[in-house]
Structure formats: structure tokens, C-alpha cells
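The values are calculated or read from the model by the stated rules, or taken from the named source; none is laboratory data. For clarity, every value in this text was computed on a predicted model and none was experimentally measured. Don't worry about glycine lacking a Cβ; one is built from the backbone with ideal geometry, like all the others, and counts go over all protein chains shown.
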């Protein structure tokens, strides 16, 4: 599960970088895209960091931070889509998928204490 989550979050981050760049070029919008860029790339960074956690509690904490960043990214994506800066909902669906995997991973880690 960890490799799947790391892979999906990295591909997501790379796509977020591309999307934000495209929106900035096409619409000269930077407030929302800067927020999304920060939160969307942070998901994978915290998942990656969790792999080197010094305890189960630290591991869970890093995944919970990733989950919060994922929820924030979902919000920024919704705003960009609903304001017509971005028209492809696929990225939002992928964000939701990562969120579900994170929730499942956190619950599994808590259950295995």
C-alpha cells in the first residue's frame, strides 16, 4: 500500500505543478494556484517522510498531515473548477482517491498498534 500511495501522490504532485503552471499562464491567476501548489505537493512529501518515521505514532502523524493537505488541495481544486479556471475534474477525482487511501492507511496503522 505504501508504494502505491507514494507513487500516486508523486504523480499527483507533478500534475498539480503542470496544472498550476497552465492556469498561471492562461489566466494570470496566482493566489489559488500558489495555495494548491503548496498543499498538492506537500501530500507526497509527508507520505515520503512517513516512511522514515521513528515510531508508529510519528508514522500516523505524518499520514494525518498528508490527509489534511489532501483535503486542502481538494478545496482549492473545487474553487478552480467552479470558477472555470480549470475544466477537467479528473484531478479532483484523483485527489479524492488519494484521500481515501490515506484514510484507509491511517486506520490500518491505528488498528495495528
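In this entry, residue 94 passes the filter for residues that are touching a helix residue (DSSP H, G or I) at 6+ places or on another chain (Cβ under 7 Å), at pLDDT 95 or above and buried (at least 16 other Cβ atoms within 10 Å of the Cβ). For the stretch 12-39, the candidate set comprises residues that are free of Cβ contacts under 8 Å to residues at least 40 places away in the same chain and under 11 Å from the mean Cα position of the chain (by Cα); within that set, the residue that is farthest from residue 78 (Cα to Cα) is 14.
Looking at residue 52, is it assigned to a loop (DSSP other than H, G, I, E, B) and surrounded by fewer than 13 Cβ atoms within 10 Å (Cβ to Cβ)? Yes: the conditions hold for residue 52. The condition of being at pLDDT 95 or above, surrounded by 14 or more Cβ atoms within 10 Å (Cβ to Cβ) and either out of contact with any strand residue (DSSP E or B) (no Cβ under 9 Å at 6 or more places or on another chain) or assigned to a helix (DSSP H, G or I) (or both) holds for only one of 73, 21, 84, that being 73.
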